[in-house]
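**Student:** Take a look at this one; I'll ask things after.
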């Protein structure tokens, strides 16, 4: 009887440890990877996650991405279908918009080619070369990207006012234009002095020269890391403004201190603050822009969803 009870006790102990199927029960569930968490939320409305069908992504890396357009490491710009289950006629959700032209970067839907010509693409309007918005030659260099027009302050407007002088059948005009751009990993603001001839008879203008007459660092790589992208820097208090770098994503927001959190009459200062919400998943992320984040296996989701969704749930 004693032997029988001992045998039954051992049998019950084994069953408890192994379960009915004879397998060891692991009470600690393996934590899902970031991409597994994203995939579980696809098509359920929790977060906008895209995994497009695009064979070229198996060969080339994504260098830049904005709505409807994507720049790959082969220098080609692709039209992409993100928020739809539809396909192009090539049975893909991407298609190159120009095979013959190589591009340097995308900026606010402008496509800047390797030979410094601006283009625009949309599915409705097609692929078009712009006759304006060309990056000044003095700013078109290998170490400069994301060149955008800026605006003068009232004080600067007086200092950099337009001037002209008659030269026979034409006039020599001098204009000044402010720009924001990334140079060697920092964000700069520069003033370009442009000289050009305006011919009275034909109304034609001929560019003579561009000269960078003033330049200053707005946001340094020493503070923010090697900067690769920015968005809406001119009015950060009005619009959502971002900086992306090899240190991650920065959002213009309150710099919280003990004083400004505690006292109603002390306002928090505002600056670009690093978003640390995705730090634990950094090894699964290969690209951060100010519009989208791309994982190692090309899951794409919007920057806005970082603040609207708890990835650890």
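Nothing in this text is a laboratory measurement; each read-out follows from the coordinates by a stated rule. Note that the coordinates shown come from a computational prediction; the quantities given were computed from them, not determined experimentally. Backbone-built Cβ (ideal geometry, glycine too); neighbour counts: all protein chains shown.
**Student:** Taking the Cβ-Cβ separation of residue 158 and residue 266 as r and a Förster radius of 45 Å, what is the calculated FRET efficiency to the nearest 0.05?
**Tutor:** Details: r = 36 Å, r/R0 = 0.80.
The pair residue 158/residue 266 has a calculated efficiency of 0.80.
**Student:** Report the Rg/Rh value for the stretch 142-218, based on alpha-carbon coordinates and the Kirkwood definition of Rh. Mind dumping the intermediate values first?
**Tutor:** Values: Rg = 14.7 Å, Rh = 13.8 Å.
Dividing the radius of gyration by the Kirkwood radius yields 1.07.
**Student:** How far is the Cα center of the stretch 53-85 from the Cα center of the stretch 174-235, in Å?
**Tutor:** Cα centroid to Cα centroid, the span is 29 Å.
**Student:** Here's something else I'd like to know. Given N residues in the stretch 52-134, what is its alpha carbon radius of gyration divided by 2.2 N^0.38 Å?
**Tutor:** This ratio for the stretch 52-134 stands at 1.03.
**Student:** Still on this structure: Can you compute log10 of I(q)/I(0) for the stretch 25-172 with the Debye formula, treating each Cα as one identical point scatterer, at q = 0.13, 0.14 Å⁻¹?
**Tutor:** -0.77, -0.84
**Student:** Grab the DSSP H runs of the chain that are 4 residues or longer, score each as -39,500 (n - 2.57), total them, divide by all residues and round the 222 nm result to the nearest 500 deg cm²/dmol.
**Tutor:** Numbers: 6 runs with 43 residues, N = 313.
That comes out to -3500 deg cm²/dmol.
**Student:** Take the chain, drop everything but the C-alpha atoms, weight them equally and run the Debye formula without solvent; then report log10 I(q)/I(0) at 0.06, 0.09, 0.10, 0.16 Å⁻¹ to two decimals.
**Tutor:** -0.33, -0.63, -0.74, -1.38
**Student:** So if I take the centroid of the Cα atoms in the stretch 266-297 and the same for the stretch 103-169, what is the distance between those two points in Å?
**Tutor:** Centre-to-centre (Cα) distance: 29 Å.
**Student:** How would you rank 113, 164, going from fewest to most other Cβ atoms within 10 Å of each one's own Cβ? Before the final figure, lay out each step's value.
**Tutor:** Details: 113 17, 164 13.
By the 10 Å Cβ count, ascending: 164, 113.
**Student:** While we're here: May I ask you to give the average projected area over all directions of the convex hull of the Cα atoms of the stretch 211-284, in nm² rounded to one decimal?
**Tutor:** Working: hull surface 30.0 nm².
If you wrap the Cα atoms of the stretch 211-284 in a convex hull and average its projections, you get 7.5 nm².
**Student:** Please say if the stretch 102-235 is rounded, prolate or oblate, where rounded means a/c under 1.5 for a ≥ b ≥ c the square roots of the C-alpha gyration tensor eigenvalues, and otherwise the choice is prolate for a/b larger than b/c and oblate otherwise?
**Tutor:** On the way: a/c = 2.21, a/b = 1.31, b/c = 1.69.
Oblate.
**Student:** Give me the angle, in degrees from 0 to 90, between the Cα long axis of helix 2-18 and the longest principal axis of the Cα atoms of the chain, rounded to the nearest 10.
**Tutor:** Helix 2-18 sits at roughly 10 degrees to that axis.
**Student:** Can you give me the relative contact order of the chain as a percent, contacts being Cα pairs under 8 Å and 6 or more apart? All intermediate terms of the calculation are to be shown ahead of the outcome.
**Tutor:** Working: 526 pairs, mean separation 35.9, N = 313.
Worked out over the chain, it gives 11 percent.
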